[in-house]
Every structure is written in C-alpha cells, then in structure tokens.
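Accompanying notes for the structure given below.
The values are calculated or read from the model by the stated rules, or taken from the named source; none is laboratory data. Given the structure is predicted, the values throughout are model-derived calculations rather than measurements. Positions of Cβ are generated from backbone atoms using ideal geometry, with glycine treated the same way; all protein chains shown enter the neighbour counts.
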Amino acid sequence: MKKIVNEDTDCPIKRTLDIIGGKWKLRLISQIGKETRRYGELKKLIPEISEKMLIQELKSLVAFGIVKKKSFKEIPPRVEYTLSEKGFEVLPIIEIMKEFGKAN
C-alpha cells in the first residue's frame with residue numbers, strides 16, 4: 001500500500017500561494033509593475049478593492065518582501081510603493097497568466 005505524504009509543510013506551490021495568492025495580490029503587483037505608485041493611484045487602478053483589503057494586501061506584500069514601502073514625513077502624509085527584486089521575479093509569472101487568460 002502506498003503511503004500518503006502530507007506535502008503542505010514543504011510544498012513550494014503552497015508557499016507561493018501564501019505569498020502571492022488571493023484575489024488582489026497579483027493585480028496589485030501587476031499595477032505597481034515597474035512604476036512607483038502611491039496608495040491613491042492603486043485605489044484608482046483597482047476601484048473594486050475595498051480600503052481595508054487594499055491596506056491589508058499591501059501590508060502582506062511588504063511583509064513578504066515583494067513590495068517596498070517608502071513613507072515621507074510630509075503633511076499630508078505621502079507613501080510610495082515599488083516592487084522589490086523579489087517582486088520583479090513575479091512579473092513574468094503574471095505575463096504567463098495574462099496570456100493564458102487571453103487564450104482561454
């Protein structure tokens with residue numbers, strides 16, 4: 001009888017989905033792309049995302065090192081988001097997904 005192994009603990013696919021999975025993260029990464037984006041720009045580019053979810057997803061992407069956040073000590077406060085080196089590694093994956101979506 002073949003033994004069933006639980007791969008969840010070391011599964012690279014699960015780890016990837018933990019980092020960039022979900023409804024919004026790939027869209028945020030794609031919209032930031034090679035640009036520097038401010039919070040308001042991202043909200044305009046993805047109008048259907050709620051404020052709460054946008055904040056939550058950006059915090060997650062920053063925590064995983066996909067996105068870099070730069071805060072300026074100005075009034076009014078200004079925050080900019082750019083992709084990190086790790087974030088740029090995700091862009092080719094997004095391009096493949098776009099092509100798949102167009103074809104299907």
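Scan the stretch 16-33 and give yes if some residue there is among the hydrophobic types (A, V, I, L, M, F, W, C), in a helix (DSSP H, G or I) and in contact with a Phe, Trp or Tyr (Cβ under 6 Å, 6 or more places away or on another chain), otherwise no. Within the stretch 16-33 (the criterion being among the hydrophobic types (A, V, I, L, M, F, W, C), in a helix (DSSP H, G or I) and in contact with a Phe, Trp or Tyr (Cβ under 6 Å, 6 or more places away or on another chain)), the answer is yes, since at least one residue qualifies. Contact map, the stretch 93-104: residues that are more than 16 Å from Lys25 (Cβ to Cβ) paired with residues that are exposed (fewer than 10 other Cβ atoms within 10 Å of the Cβ) and modelled with pLDDT of 95 or more, Cβ distance under 8 Å, separation 6+ or inter-chain. No pairs are found.
Tell me, yes or no, whether the stretch 44-61 has at least one residue that is over 13 Å from the mean Cα position of the chain (by Cα), part of a helix (DSSP H, G or I) and of a type in the set (Ser, Thr, Tyr). Scanning the stretch 44-61 turns up no residue that is over 13 Å from the mean Cα position of the chain (by Cα), part of a helix (DSSP H, G or I) and of a type in the set (Ser, Thr, Tyr). Can you tell me which residue is surrounded by the most Cβ atoms within 10 Å (Cβ to Cβ) among those in the stretch 72-88 that are of a type outside the set (Gly, Ala, Ser) and assigned to a loop (DSSP other than H, G, I, E, B)? Per the criteria, the residue is Pro77. Of the residues that make up the stretch 13-29, is at least one at pLDDT below 95, over 23 Å from Met97 (Cβ atoms) and among the charged types (D, E, K, R)? Looking through the stretch 13-29, none of the residues is at pLDDT below 95, over 23 Å from Met97 (Cβ atoms) and among the charged types (D, E, K, R).
For first residues located in the stretch 14-25 and farther than 19 Å from Phe88 by Cβ, partners that are at pLDDT 90 or above and hydroxyl-bearing (Ser, Thr, Tyr) and lie 6+ apart or on another chain with Cβ distances below 9 Å form the pairs Gly22/Ser60. Inspection of the stretch 30-52 identifies no residue that is closer than 20 Å to Arg15 by Cβ, in contact with an Asp or Glu (Cβ under 9 Å, 6 or more places away or on another chain) and not β-branched (Val, Ile, Thr).
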